[in-house]
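Here is the structure we will look at, set down as structure tokens.
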Amino acid sequence: MIRKYIALLRMKYIEMLAYRLATLVWMTGAITQPLITMVVWMNIDPAQSDAFIFYFMAVIFVERMTSAWDVWELDREIREGTFSNYILRPLHPIHWAIAENVVYKALFAAILAPVWAIAALFVPALRFDVTGEQVLLFLAAVLLGAVLRFLLSYICGLLGFWITKVTAVYGVLEVISLFLSGRIAPLSLLPPVLQQWSIFLPFRYMIGFPIDIITKAANSHDMLQGFAIASIWIVVFVIALRWIWKAGLKKNQAVGG
Amino acid sequence: MESGIKEKPSGRWLSVRRYVRIFREFFRACFVEELEYRSEFLGNLISSFFGIGIAVLTVNIFFYQTDQLGGWTYADVLVLLGVFNTLRGMIDFALRPNMPRLLEHVRRGTLDYILTKPVDSMFYVSFRHLVFWRLIDVLLGLGVIGYGLIVKRYIPSLFDVLIFLITIAASFVLIYSLWMMLMTTSFWVIRIDDLSFIFDSFFETARFPIGMYRGLVRIVLTYVLPAAVITNMPALSLLGKWNMATAFIAVLLALVFLWLARRFWRFALRFYTSASS
């Protein structure tokens, strides 16, 4: 298994290098929306400006680290019938997707982390003072977030066996997550009802939760609760994924034949 | 020859009428095309409603923590959002569908066929393809404007509406010019697949009051890439906070940018050397 993964990782690494420019453009992602949201909050509460700068820069960073694109890939592959190539191979197709995610996110981290460090030299608001334990918890939360988002995206992609517009379904989920994941506002600034929803639904653990750890907005009780809920969602997603995969293969009728 | 000179004014009028007729023909052709995909209509309708609902909810979240944004009240921001949605609907209706096609024409060299048509090429490449269901966004935008005015309990005077119509027309010309200039760069940067991403990033800044931005960003958004003028001016007009000077500047700015876009298109065409052979 490890040998297989090394081969997959190398393959994906070479693939990534082939599209250097596209990768770079992609890395920046959609940064306008968080920046504008940041400006809005700085206007609402100027005294907290530095906190908002830190929060929304972290949103851009964490969002890239947990981003998932598999739904678009799967949608296209299932629709065009090329997905059959993967099904025929002895290794579950999800491993290709996992390897791809690992390679891209390692690159994102390797570039974005130094960028943050350099920016912090000039912008005091970006500096943070944390213990080693907090950093570990933050990284663990980012990993959980990446896994959650990946699973959700992959599940939606597999729905392509039944429906043709899975990207539209995923789009709706993305928009809901806009509020609940902390991209529009930090958890503490949301109206109480939305706060409740975001604590129990998976979206917050994809972006907002790691940031709350690094900014010390979450105390130890919040963290314990957060990790527990995120883990439960991962279990739910894994079970759902296995079940949909089995049912989907039965349903699958490759295009083109 | 003599009569030709004499008839110039009426000749120009004739050509306006001719272009209106051509536009109507584009309209009809695209409408027929779209009727083929009737089943998608419901989905598009739902997604448009969903989109505007989310935008209003976002404004509500901000105003849960404050009662003004850059000097604008909740109702004012709703009117602004309505203007934003209306203009975005117009862009998605007429401009966005044409962008990828121009890139394609330049890459494959099929722009030849357009250049040889007895129609103005800039007109043709920017309006040939229309996506009708996006007009729903225009209607929803107008709806939000209406709702904002009701919340504010303000009935615009006839003059407010008049200035609003003038400034929003200027905004559309301005957007069209900026869009056209961006689209024209496809003669050089055919590798970048989605130039509209750049435009969206910029246009997104027009969603909120300009008073929100500070320092350099504000100057850029007022004078260089006039996002402020595009949405803020029509919204202010409708709320009765206009003055003749700024309305005049908006119209002037629109005309200047249109002229620039036109010049740029002409300039770019000189660099076009077809693709084949």
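Each value in this text was obtained by applying a stated rule to the coordinates, not by laboratory testing. This structure is a prediction, so every number in the text was calculated from the model and none was measured. No Cβ is skipped: glycine too gets one built from the backbone with ideal geometry, and neighbour counts run over all protein chains shown.
Across all Cα pairs in the range A:52-111, the calculated P(r) in 10 Å bins from zero up to the longest distance comes to 19, 39, 26, 13, 4 percent per bin.
In plain terms, the bigger the Kirkwood radius, the slower the diffusion; for the range A:180-257, with that radius from Cα pairs, at 25 °C and 0.890 mPa s, Stokes-Einstein puts D at 170 µm²/s.
Taking the inverse of the mean reciprocal distance over all distinct Cα pairs, the Kirkwood hydrodynamic radius of the range A:2-251 comes to 19.3 Å.
Look at the stretch A:31-44: the mean tally of other chain Cβ atoms within 10 Å of its residues' Cβ atoms is 5.
Of the complete DSSP H runs in chain A, those spanning 30 angstrom or more by Cα along the long axis with a mean Kyte-Doolittle score not below -1.0 are A:94-122, A:132-158, A:220-251.
Among the helices of chain B, those built from whole DSSP H runs whose Cα atoms reach 18 Å or more along their own axis and whose mean Kyte-Doolittle hydropathy is at least 1.6 are B:135-152, B:158-184, B:244-269. Simple point charges give the picture: +1 on the Cβ of Lys and Arg, -1 on the Cβ of Asp and Glu, and for chain A a dipole about the Cα centre of about 940 debye.
Determine the shielding of peptide B:56-64 by partner chains: average, over its residues, the number of Cβ atoms on other chains within 10 angstrom of each Cβ. What the average comes to for B:56-64 is 4. As an exercise, take the mean of 1/r over every pair of distinct alpha carbons in the protein assembly as shown, invert it, and state the Kirkwood radius in angstroms. After inverting the mean inverse Cα-Cα distance, the result is 26.1 Å. Among B:TYR19, B:TYR113, B:TYR213, the ranking by other beta carbons within 10 Å of each residue's beta carbon, starting with the fewest, stands as B:TYR113, B:TYR19, B:TYR213.
Calculated [222 nm] ellipticity per residue, helices only, for the protein assembly as shown: -23500 deg cm²/dmol; basis is -39500 (n - 2.57) per DSSP H run with n ≥ 4, divided by all residues, nearest 500.
Rg/Rh for the range A:16-140 stands at 1.07; both radii use Cα atoms, and Rh follows the Kirkwood definition. Plainly put, the range A:121-161 has a radius of gyration that is 1.29 times its Kirkwood radius, both from alpha-carbon atoms, as the Rg/Rh ratio.
The lysines within cross-link reach of A:LYS4, meaning a Cα-to-Cα straight distance under 21 Å and a gap of 8 or more places when in the same chain, are A:LYS12, A:LYS105. Across chain B, the longest piece that holds none of the GluC sites (Glu not before Pro) lying in DSSP loops with up to 14 other C-beta atoms within 10 Å covers B:37-277. Stokes-Einstein diffusion for the range B:9-137, with the hydrodynamic radius set to the Kirkwood value over Cα pairs and evaluated at 37 °C in a medium of 0.692 mPa s, equals 186 µm²/s. Take each residue of peptide B:68-77, count the partner chain Cβ atoms within 10 Å of its Cβ, and average: the result is 1. When the Cα atoms of the range B:39-269 are aligned to their principal axes, the ranges along those axes come out at 55, 46, 34 Å in descending order. In chain B, taking the dipole from charged Cβ atoms about the Cα centre, the farthest positive-side position among B:LEU42, B:MET90, B:PRO118 is held by B:PRO118. Between B:LEU238, B:LEU57, B:VAL20, the Cα set farthest toward the positive side of the dipole of chain B (charges on each charged residue's Cβ, about the Cα centre) is that of B:VAL20. Straight-line reach from A:LYS251: which aspartates and glutamates fall under 16 Å, measuring Cα to Cα and dropping same-chain residues less than 8 apart? Candidates past the 8-residue exclusion: A:ASP75, A:GLU77, A:GLU80.
Against the empirical curve 2.2 N^0.38 Å, the C-alpha radius of gyration of the range B:151-277 lands at a ratio of 1.25.
Above 15 Å, the calculated P(r) of the range A:142-224 contains 60 percent of its Cα-Cα pairs.
Can you list the trypsin sites (Lys or Arg not before Pro) in the range A:154-226 that are in a DSSP coil and have 13 or fewer other beta carbons within 10 angstrom? Here the trypsin sites (Lys or Arg not before Pro) that fit, given the DSSP loop and packing criteria, are A:LYS165, A:LYS216.
Here the protein assembly as shown is assigned +1 on the Cβ of each Lys and Arg and -1 on the Cβ of each Asp and Glu. Its dipole about the Cα centre then comes out at about 1220 debye.
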